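Q: Quick one: the structure is below, questions incoming.
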Amino acid sequence: MGCSFSGLNALYDVVSGGADVWVNERRFKILKQIGEGGFAFVYLVKEQQGGHPAKLPKHPKYIADDGLYALKKVIIQTDEQLDLVQQEIHVSSLFNHPNLLPLLEHSIISVKGEGAWIQEAYLLFPVYEDGTLVDNLNLMRTKKEYFPTLTVLQIFKQICEGLKVMHTFDPPYAHNDVKPGNVLLSKGKEQSPLAVLMDFGSAAPARKQLRSRSEALALQEWAAQHCSAPYRAPELWDCPSVADIDGRTDIWSLGCTLYAIMYGVSPFEYTLGEAGGSLQLAAMSGQVKWPSGPSPPYPDSLQKFVIWMLEPRVALRPSIEDVLLHIEKLVARLETDSMNRNLL
Ligand SMILES: Nc1ncnc2c1ncn2[C@@H]1O[C@H](COP(=O)(O)OP(=O)(O)OP(=O)(O)O)[C@@H](O)[C@H]1O
């Protein structure tokens, strides 16, 4: 896993009035904070000259032309938080795919807090300055804007491509927290935005055999802490005592995510409405209401696609391969329809 606990690996170095932070042999200036999580702060940083180039990795995975990166600082206060960050580092190092956020550098250090020593982790990533999918959807919602059908499918397809790498790994991994808040976007000049799946702190081997009530309750408790409730699969809300759990928990979250890319809101939160109610019961019923959406509305085939993934009976829920094949079909149909329209 290669975590370093040396206090020399990442440390603040206050030079000429600006706070610099070292991550291993590389030196960065913090430009601004761009995000915040439970126990984490994410900063936009710029790489500075004066690192120790001789010791830089010979074949770095990624070098930003403008020297800009995202640096996540995690405050570690408990053994559980340390496990989580180590899991994030471990899982990130397993995969290498354009739709999975790469971890470029990491270090875990001990620093003197108020009286006691605490640990901090520093994780360096490419920066996606257009933020998360949820940031974009929230903004669009206030303006009553919607992604066009083809863009919905292009974004969704990339999330699925990233997830397929995890689901087909040996052993298969589940992400366990697929949601628009864990997808970063880069709109760039391309027609279709680039989407990458991030946050591997909850990822774990996908296959779990439950053979007792206590195993089921332990998984249920774990899911309550790690899988965001509006996107959580029914079998993780109420784990059967005897069941084979697999990556199809993520497919449920993908169904919720596709709905959210279309309408800017998660399906069961929307279905419960302002009156609120039990997300668990709503998810277990699998029944969703549909917002009015764009005009003209999205094709029925897209809503049917969501319903196919929001199948409470796991055995009938598609796999990631099924989902990707279906996207291909929908995109091909859209392209044919648009060609036919142009010919009329
Ligand atoms: N590479 C990046 N580029 C741009 N913004 C980022 C990047 N990584 C993280 N962020 C921003 O920082 C926020 C928090 O990051 P992240 O989700 O990794 O933290 P977390 O502690 O795991 O959060 P949570 O408690 O929600 O799980 C993100 O929602 C996003 O807005």
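What follows draws every value from the coordinates through simple rules; no lab data is involved. Since we're looking at a predicted model, the values are computed, not measured. Because the Cβ atoms are built from the backbone with ideal geometry, glycine has one as well, and the counts that use them run over all protein chains shown.
Q: Please compute the contact order of the chain in relative form: average sequence separation of alpha-carbon pairs under 8 Å and at least six residues apart, divided by the residue count, as a percent.
A: Over the chain, the number comes to 13 percent.
Q: With each label point set 7 Å from Cα along the Cα-Cβ vector, what nm distance links N340 and Q191?
A: According to this spin-label approximation, the distance is 2.0 nm.
Q: Mind checking which lysines have their C-alpha under 16 Å from K112, skipping anything on the same chain fewer than 8 residues away?
A: Correct list for K112: K73.
Q: Check each of the trypsin sites (Lys or Arg not before Pro) in the stretch 181-243 and keep only those in coil by DSSP with at most 15 other C-beta atoms within 10 angstrom; list them in order.
A: On the way: sites: K187, K189, R207, K208, R211, R213, R232; in loops: K187, K189, R207, R211, R232.
Here the sparse-neighbourhood loop sites are K187, K189, R207, R211.
Q: Taking the chain as a Gaussian network, where each spring joins two C-alpha atoms under 10 Å apart, which residue of S319, S301, S228 fluctuates the most?
A: Looking only at S319, S301, S228, the largest GNM fluctuation is found for S301.
Q: Rg and Dmax of the chain, using alpha carbons, in Å: what are they?
A: When restricted to Cα atoms, the chain yields Rg and Dmax of 21.5, 76 Å.
Q: OK, next. Near K46, which aspartates and glutamates are there with a Cα under 18 Å away, not counting those fewer than 8 places off in the same chain?
A: Within the straight-line limit of under 18 Å, K46 reaches these aspartates and glutamates: D13, D20, E25, D65, D66, E105, E129, D130.
Q: Follow-up. DSSP loop (so not H, G, I, E, B), at most 15 other Cβ within 10 Å: list which GluC sites (Glu not before Pro) in the stretch 131-233 pass both filters.
A: Here the sparse-neighbourhood loop sites are E145, E190.
Q: 5 Å is the cut-off here: which amide hydrogens, built 1.01 Å from N in the peptide plane, fall below it relative to A204, excluding neighbours closer than 5 in sequence?
A: Here the answer is A174, since their amide H atoms fall under 5 Å of that of A204.
Q: While we're here: What FRET efficiency, computed as 1/(1 + (r/R0)^6) with R0 = 22 Å and r the Cβ-Cβ distance, is obtained for A315 and R207, rounded to the nearest 0.05?
A: In this case the efficiency is close to 0.90.
Q: Hey, got the dipole for the chain? About the Cα centre, +1 on K and R Cβ, -1 on D and E Cβ, debye to the nearest 20? Can you show the working numbers first?
A: On the way: 32 positive and 39 negative charges, 103 e Å.
Charge dipole of the chain: 500 debye, to the nearest 20.
Q: Here is a further query. Going through the stretch 235-344, which trypsin sites (Lys or Arg not before Pro) have at most 11 other Cβ atoms within 10 Å and a DSSP loop state?
A: Working: sites: R248, K289, K304, R313, K329, R333, R341; in loops: K289, R313.
Passing sites in the stretch 235-344 are K289, R313.
Q: While we're here: Report, largest value first, the span of the C-alpha coordinates of the stretch 228-344 along each principal axis, in whole Å.
A: Each principal axis gives a Cα extent; for the stretch 228-344 these are 57, 35, 18 Å.
Q: Just from its helices, what would the mean residue ellipticity at 222 nm be for the chain, if runs of 4 or more DSSP H residues each count -39500 (n - 2.57) and the sum is divided by every residue, rounded to the nearest 500 deg cm²/dmol?
A: Calculated from helices alone, the mean residue ellipticity at 222 nm is -11500 deg cm²/dmol.
Q: Is the stretch 179-228 best put as rounded, prolate or oblate by its Cα gyration tensor, with a ≥ b ≥ c the root eigenvalues, rounded for a/c under 1.5, and otherwise prolate when a/b is larger than b/c, oblate when not?
A: Verdict is prolate for the stretch 179-228.
Q: Cα centroid distance between the stretch 187-249 and the stretch 317-344, in Å?
A: The stretch 187-249 and the stretch 317-344 have Cα centres separated by 28 Å.
Q: Please list, ordered by chain and number, the residues whose modelled amide H lies under 5 Å from the amide H of D20; skip anything fewer than 5 residues away on the same chain.
A: The answer is D13, V14, V15.
Q: Moving on. State which entries of K187/K329; K143/K187; K157/K179; K164/K329; K72/K164 exceed 21 angstrom in Cα-Cα distance in the structure shown.
A: Flagged as over cut-off: K187/K329; K72/K164.
Q: Can you tell which of M309, M262, M140 shows the greatest fluctuation in a Gaussian network model of the chain with Cα springs below 10 Å?
A: Evaluated over the chain, the most mobile residue of the options is M140.
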